[in-house]
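Participant: Sending over a structure as structure tokens; questions will come in a sec.
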Amino acid sequence: MSSQVVQGGSSGQIGDPTPAAGALDLAMQIAGSLLAAGMSANDVTLVALRITRAYGLRRVHVDVTYTSISASYYPALGVPPITCVRVVQPGVIDYGKVRALDRLSIEIGRGLPLREAATKFQNIRAARRRYPWWVSMLGNAGVGVGSVLLFSTSWQLLLITLVSGCLLDRLLAGLERVRTPPFFSQCAGAAMMTLIAVGTTAAGRGGVEVLRGVDPTLIVVGGIVMLVVGMTTVGALQDAIDQFYVTASARLLEVTLQTAGIVVGIVAVLQLAQRLGAPVMISPNPVGLGPPGAQFLGAGLICASFVVWAYADLATIALAVAIGLLGWAGYSATATLGVGEVPASAAGALAAALAATLVIRRSSIPSFALISAALLPLVPGLSLYNGLLQLVGTVPGHGDPAAGAATLFVAVSVALGIASGATLGTYLGRPIANQLRRIRRWQARADDQ
């Protein structure tokens with residue numbers, strides 16, 4: 001059977017040849033923007049289908065992979081389908097625009113004409129970001145500071161992490177502008193953070209009293225969490241749970257390469273420092289959590305910093321912090337029962353996802369933005385790093401494959417627990433929110449009568 005193919009980006013705007021092609025391409029453009037911002041493949045599919053149904057397209061099949069989205073509309077039996085294909089390009093995540101796109105999809109569902117919807121989409125895409133780039137840079141660096149705060153309250157460490165985090169953000173931005181492959185970007189970022197740790201240790205040994213005794217491992221930890229490998233792992237496993245296996249496989253391969261890049265950068269700098277006579281010991285073993293108050297402060301800072309990095313508005317920032325603290329409370333309370341890291345992480349993710357799903361029913365804030373921020377303190381990025389570092393060793397010939405494999409298994413198990421908890425929380429939250437909405441409507445009608 002022949003097919004009419006519409007290339008994404010060329011249609012869906014004013015002047016489309018057919019309403020069906022325009023509706024398909026508009027749905028693909030909105031879905032592509034949401035997928036690039038981090039929305040799960042399942043939710044992206046639901047958004048695309050909601051938009052096409054709003055414009056009368058009932059027989060639509062949507063296929064989402066990690067780098068592209070396609071949709072086919074079958075007008076009738078024996079009639080060639082109309083197919084739209086859109087390649088998803090990674091870009092700067094902007095939760096302000098994501099919220100505007102969510103409002104637009106709601107307006108489309110209420111009957112917004114296609115021509116007006118296409119114009120509004122172009123205006124959203126062309127809009128300036130909410131605040132300057134340096135605010136986003138501070139937000140990105142704040143994620144590292146919050147991560148260190150989970151383990152230590154040393155002001156020297158926090159200050160070093162903030163400064164090095166800003167430098168890392170600019171390095172990654174520069175490498176992205178010249179289209180550096182992610183593996184080499186991760187390698188360069190990890191190498192820079194390790195160089196800062198080596199320099200800090202050397203300065204402490206050389207007589208700089210304020211830097212004496214600063215743990216170089218935690219300096220590297222702050223940078224590792226900024227590279228957000230653990231969040232990609234959780235997203236991959238969540239897609240696998242939702243049966244989007246191609247997307248999940250691509251994301252897991254990305255995790256493998258990016259984490260390998262981190263380890264290569266760290267090990268290369270450590271070996272160079274040893275040859276130059278300035279050896280530094282970066283521990284491959286898990287780092288113990290700090291005082292409970294500092295943990296909650298760190299978790300809240302991670303959530304707030306992440307959405308600031310993503311150009312979110314004040315309402316999204318406040319809700320992300322509240323839900324993130326709820327998720328960390330669920331994790332901490334479950335962990336005190338001695339049930340293990342995996343159930344505790346799953347409980348925290350379940351609490352955060354359930355709360356986010358209930359909250360967004362009363363607002364236009366996309367739930368995935370809140371869930372992504374709330375899950376970030378729980379993600380096992382540090383465990384992935386520890387496992388690979390144990391495998392290869394910080395000194396040639398001193399790797400421990402058995403310990404490394406065990407740590408990697410725990411990291412993947414934690415990621416699976418977080419993904420399953422988040423998926424279950426969303427699944428349980430939607431019918432509860434819908435039922436509460438029906439009760440409010442019934443009470444409103446009863447009051448009117």
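The values are calculated or read from the model by the stated rules, or taken from the named source; none is laboratory data. Treat the numbers as computed from the prediction; the structure is a model and nothing was measured. Positions of Cβ are backbone-derived with ideal geometry, glycine not excepted, and every protein chain shown enters the neighbour counts. These area figures cover heavy atoms from the full protein model, side chains too; ligands, DNA and RNA do not enter into them. Shrake-Rupley method; radii C 1.70, N 1.55, O 1.52, S 1.80 Å.
Participant: Leaving out ligands and nucleic acids, note down the accessible area per residue over the range 240-353 with a 1.4 angstrom probe, in whole Å². Display every interim value, and only then the final one.
Facilitator: Working: 4940 Å² over 114 residues.
Using a 1.4 Å probe on heavy atoms only, each residue of the range 240-353 averages 43 Å².
Participant: Can you give the convex hull volume of the alpha carbon atoms of the range 100-176 per residue, in Å³? Before the final figure, lay out the partial values.
Facilitator: Details: hull volume 9.6 nm³, N = 77.
Cα-based convex hull of the range 100-176, divided per residue, equals 125 Å³.
Participant: Moving to a separate point now. Could you give each residue of the range 41-57 its phi-based ³J(HN,Hα) in whole Hz, using Karplus coefficients 6.51, -1.76, 1.60 with θ = phi - 60°, and x for Gly or Pro?
Facilitator: 4, 5, 5, 4, 4, 5, 4, 4, 5, 4, 5, 5, 5, 4, 9, x, 9
Participant: If you don't mind, another one. Of all the accessible heavy-atom surface of the range 141-223, with the other protein chains kept in place and a 1.4 Å probe, what percent is carbon and sulfur? Walk me through the numbers before you get to the answer.
Facilitator: Values: 2350 of 3460 Å².
Heavy-atom surface of the range 141-223 belonging to carbon and sulfur, 1.4 Å probe: 68 percent.
Participant: Where does each of 64-71, 298-305 land if you order them by average Cβ count within 10 Å, highest first?
Facilitator: Working: 64-71: 19.9, 298-305: 25.4.
Descending mean neighbour count gives 298-305, 64-71.
Participant: With only alpha-carbon atoms in the gyration tensor, what are the semi-axes of the equivalent ellipsoid for the range 44-101, in Å, largest first?
Facilitator: On the way: eigenvalues 130, 41, 11 Å².
In descending order the semi-axes read 25, 14, 7 Å.
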